[in-house]
Amino acid sequence: MEKLVVLSFGNGTIAQGFSSVRAQLWDASNRYPIQATGSLPATPSLPTLYRQWQLLYLALYHRLGMQSRIKINAADVTNVSEMEFDQCCQHLSDQINVWLSSETFRSIEQQLRTWLIAGDEVRIIIETNDPCLQQLPWHLWKFLIDYPQAEVALSVLNYQRPNRSSAQTSRKARILAILGDSQGIDVSRDRAYLEQLSTQAEVHILVEPEREELNDQLWQGWNMLFFAGHSTTGETGFLQINPRETLTLEQLRWALNRAITTGLKLAIFNSCDGLGLAQALADLHIPQVIVMREPVPDVVAQEFLKYFLAAFVNGRSLYASVREARERLQGMEGVYPCASWLPVICQNPAEAPTTWGAWSGETEANQKEGTRKFKPQKSKVKLSSVVLASLIMTALTMGARHLGLLQKWELQGYDFLMQNRPEESPDRRLLIVGINEADFQIPQQKDRKGSLSDLALAQLLEKLEAYKPRAIGLDIFRDFPINPQQAALKQRLRQSDRFFTLCHVGVSEEDRGIEPPPDVPKQRQGFSNVIPDADGILRRQLLSMDVPSTSLCQTPISLSFQLASQYLKSEGITPKITEGNWQLGQVVFQRLQAPVGGYQAADTWGNQVLLNYRSYHSPLEIAEIVTLQDVLTNQVQPEQVQDRVVLIGVMTRTSGDQFLTPYSVRNTSFQEMPGVILHAQMVSQILSAVLDKRSLIKTWSFWGEFGWVWGWSIVGGLLAWRLRSRQLLVLAIGGGAVLILYGFCFWLLIQGNWVPLVPSALALVVTGGVVLALRSSLTERQE
């Protein structure tokens, strides 16, 4: 599979460092780019080291007396041994790889490796305006060792597509070859290799042409321009076209512009250290140029041309042909050191890599496509396969859910949704008398047994009942007789129709529970039993249950349900049983029966409902709270008590009456909720549902939940089916679809519907992964 990697080095130099390096990857089967960013530190020693290598290279060739297609300045030459040169080559290679292994650049390489496989044909374009960075022998980068089909090209940062005129009508490739000044060198072999193409291409050869003749020929329309002969180093590059004339590319600008406009795709300068030439040609926006980065020996230049043409004419891509020809030059390095370092491609990224077939009209469509515009291959994964995969993943997910494997994560997801719900105002129908540490020290508590003395309770009830509350609930166990000196209290407990107290139902012969106060009749007793989940968190409310005959507490109704029912009596509403469920007014409290919702492996005995906590700043602020001392010292006003449900309980952390709730993990100001607050939450849920139409939390039927999970599974499959970029797919699923799923689940929970969040997210992600794997497998088999 053909892929393109562009490494764009922003403003900077090797000596100063590059604060921004951007990597982009395009996949031939991918419509969207993959991007990564990094940076590279300054390394002033690297240009110096390359210059040292360059001088040793020139000196070595001068000492060996090799014919070179460049006129070397004698001032650049020094004495050198081959061993010294080899050491310099190794040092340069090591320094380049140390630099490219910098921590700030490594992330780019790691991401590229994630998306590339060893068999990919990879074009790597280095975009930079730094001449030192362009000069580096990039093929030494160890990254390329793992990708034998990868080749590097150079580009400037700013480029554009050249203008095109009418399409070429020839059915053969057209090559213009210029054999310039050849004094002291042999260009006859270059000519021979080109003439061998005469049966497949129109080859026109100019031997030491005059400037006017060269100019005229460039206007005739060519696919490839070839130059062999002497040239001279410099920032712009000079071509010695005959023994008398040396031209800069600027002097050929209009002719070259015309050649590019009429179809020139490739220029090969088999002559010199052509980076100066390449820079000048970049201004002309020529699509591809192949040059020699340093002085090139005759034989090396000729062998490169032979190897390149053999691969390119036989249908290999331009980049693959250059890599093959360059690597074959390594066999000559026993005689010609660093021969494989010399050839380099200079690419205009706005143009597609040219092919031999395109010149002869075989694939004209390819000429219209830019380097960064690949025609996506249509996935052969059928839509029906996506739907089938989603159905299978949904069934597996729901199966795992039914076995209770997801219950822990579902309950945690439920807690997270609960914690983020909008705030609700406190319930004004409730008042909490919270007994704190200071209340234990007041005189009325002097002879207390337990948390509340008989005297304090007597005075408290006297004060409260005078203000006419609808119900009073005591959340303190009193399984002992009243002091005979408090006969009035004993009488009040027996006769008051507002006062309710609690006991604890024992569930076995060993645990018989806690009995109620002896003076409170059964009809005004409520049990305190709660049902924490396996993680200790209370998410359910127990309304009633069957009581074992061995229990010391025989009331089948919870304290919260007793208090709410007492309050609703004044509204003309009494509880009744409808098909096994409690009903108050028009509201039916549908009991939980496992498996239901996130509870697949939970004990749902008794008449349970999910507890819809009310939270204002904190769930502890469910209602107005006063202290025992506030009431006994007349600091509580009648309107704070009248027509309310008053709950009395201990609110100290040492009371042992503390419970974990869905809010415990998130809120750092508290971890557990006092029992009296918990009972207030339960009473408030019942009253709010009946009188305010506040939603109870419900779950859907099995098939409703199955359809919901399947729908999100299909979403994941469709995203993987449509999106070609893996990074975009991850973003679409993780940053898009899952967030939308969370938003829907959150909104539905506010409306009173607990729908599957974790199973849906799991099915969505897994189905997306399965379809992606299926698509990748089909693509590989297709290739």
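The values are calculated or read from the model by the stated rules, or taken from the named source; none is laboratory data. On a predicted model such as this, the values are computed, not experimentally measured, just so you know. Heads up, the Cβs are rebuilt from the backbone with ideal geometry, glycines too, and the neighbour counts pull from every protein chain shown. Keep in mind that these areas ignore ligands, DNA and RNA; they rest on the heavy atoms of the full protein, side chains included. Shrake-Rupley method; radii C 1.70, N 1.55, O 1.52, S 1.80 Å.
Heavy-atom surface analysis with a 1.4 Å probe gives the chain a carbon and sulfur content of 51 percent of its accessible area. Rounded to whole Å, the principal axis extents of the Cα atoms in the stretch 404-513 read 58, 43, 30, largest first. Straight Cα distances below 15 angstrom link LYS306 to the aspartates and glutamates ASP186, ASP190, GLU195, ASP298, GLU324, GLU327, with same-chain residues fewer than 8 positions distant left out.
Once the Cα-Cα distance is subtracted from the 0.36 nm per residue extended length, the ARG22 to GLN90 segment shows a gain of 21.7 nm.
As a quick test, which of the pairs LYS522/LYS569; LYS446/LYS522; LYS463/LYS490; LYS408/LYS693 have an alpha carbon distance above 23 angstrom in this structure? Violating the 23 Å Cα-Cα cut-off are LYS446/LYS522; LYS408/LYS693.
The three principal axes of the C-alpha atoms in the chain carry coordinate ranges of 133, 55, 46 Å, sorted with the longest axis first. Less than 17 Å from a label point 7 Å out along the Cα-to-Cβ axis of THR574: which backbone N atoms in the stretch 490-523 qualify, by residue? Of the residues in the stretch 490-523, 497-498, 523 have backbone N under 17 Å from the label point off THR574.
With viscosity 1.567 mPa s and temperature 4 °C, the Kirkwood radius over alpha carbon pairs of the stretch 308-353 converts through Stokes-Einstein to a diffusion coefficient of 112 µm²/s.
Between ALA466 and ASP519, the C-beta separation translates, for a Förster distance of 25 Å, into a calculated FRET efficiency of about 0.75. Computed over the stretch 485-621, the P(r) curve from all C-alpha pair distances, binned at 10 Å from the origin, holds 11, 34, 37, 16, 3, 0 percent per bin. Extension gain, ASP447-ASP630: 0.36 nm per intervening residue step, less the Cα-Cα distance, totals 63.9 nm. Under 5 Å from the amide H of LEU264 lie the amide H atoms of TRP222, each residue being 5 or more positions distant or on a separate chain, with H modelled from the backbone and absent for Pro and chain starts. Using the Cβ-Cβ distance between THR37 and GLN160 with R0 set to 25 Å, the FRET efficiency from 1/(1 + (r/R0)^6) comes to roughly 0.55.
The phi-based Karplus calculation (6.51 cos²θ - 1.76 cosθ + 1.60; θ = phi - 60°) puts the 3J(HN,Hα) values of the stretch 502-511 at 10, 9, 10, 6, x, 9, 7, 5, 6, 10 Hz, whole numbers, x for Gly and Pro. With n ≥ 4 as the cut-off for DSSP H runs, can you work out [θ] at 222 nm for the chain, using -39500 (n - 2.57) per run divided by the number of residues, rounded to the nearest 500? So the helix-based figure for the chain works out to -11000 deg cm²/dmol. The amide H of GLY274, built 1.01 Å from its N in the peptide plane, has MET292, ARG293, GLU294 as neighbours under 5 Å, considering only residues 5 or more places off or on other chains. If I take R0 = 45 Å and measure r between the Cβ atoms of GLN110 and SER188 in this structure, what FRET efficiency does the formula 1/(1 + (r/R0)^6) give, to the nearest 0.05? E between GLN110 and SER188, to the nearest 0.05, is 0.35. In order along the stretch 712-725, phi translates into HN-Hα couplings of 6, 5, 5, 4, x, x, 5, 4, 5, 6, 8, 8, 8, 8 Hz, rounded to whole numbers, per the Karplus curve 6.51 cos²θ - 1.76 cosθ + 1.60 with θ = phi - 60° and x for Gly and Pro. Normalised size of the stretch 699-766, defined as Cα radius of gyration per 2.2 N^0.38 Å with N residues, equals 1.13.
On full extension, the segment bounded by VAL98 and GLN196 gains 30.8 nm, given 0.36 nm per residue less the C-alpha separation. Ellipsoid semi-axes for the stretch 650-783, based on the Cα gyration tensor and the rule √(5λ), read 43, 18, 11 Å when sorted largest first. An ellipsoid equivalent to the stretch 173-238, defined through the eigenvalues of its Cα gyration tensor, has semi-axes of 20, 16, 10 Å when rounded to whole angstrom and sorted largest first. The angle between the Cα long axis of helix 758-782 and the longest principal axis of the Cα atoms of the chain comes to about 20 degrees, rounded to the nearest 10. Ordering of 259-265, 332-338, 761-767 by packing is 761-767, 259-265, 332-338, highest average first (other Cβ atoms within 10 Å, averaged per residue). Computing Rg and the Kirkwood Rh from the Cα coordinates of the stretch 208-346 gives a ratio, Rg/Rh, of 0.96. At q = 0.14, 0.16, 0.26 Å⁻¹, what is the log10 ratio I(q)/I(0) for the stretch 495-576, with the Debye formula run over Cα points and no solvent? Rounded to two decimals, the profile gives -0.51, -0.65, -1.25.
For ILE286, the shell of other residues with beta-carbons less than 10 Å away shows a net charge of -1, using +1 for Lys and Arg and -1 for Asp and Glu.
Amide H to amide H distances under 5 Å link CYS503 with GLY526, PHE527, SER528, where only residues 5 or more positions off or on other chains count and H is placed in the peptide plane. Residue by residue, the stretch 321-334 carries 3J(HN,Hα) couplings of 5, 5, 5, 4, 5, 5, 5, 5, 5, 4, x, 9, 6, x Hz when phi is fed to the Karplus relation 6.51 cos²θ - 1.76 cosθ + 1.60 (θ = phi - 60°); x denotes Gly or Pro.
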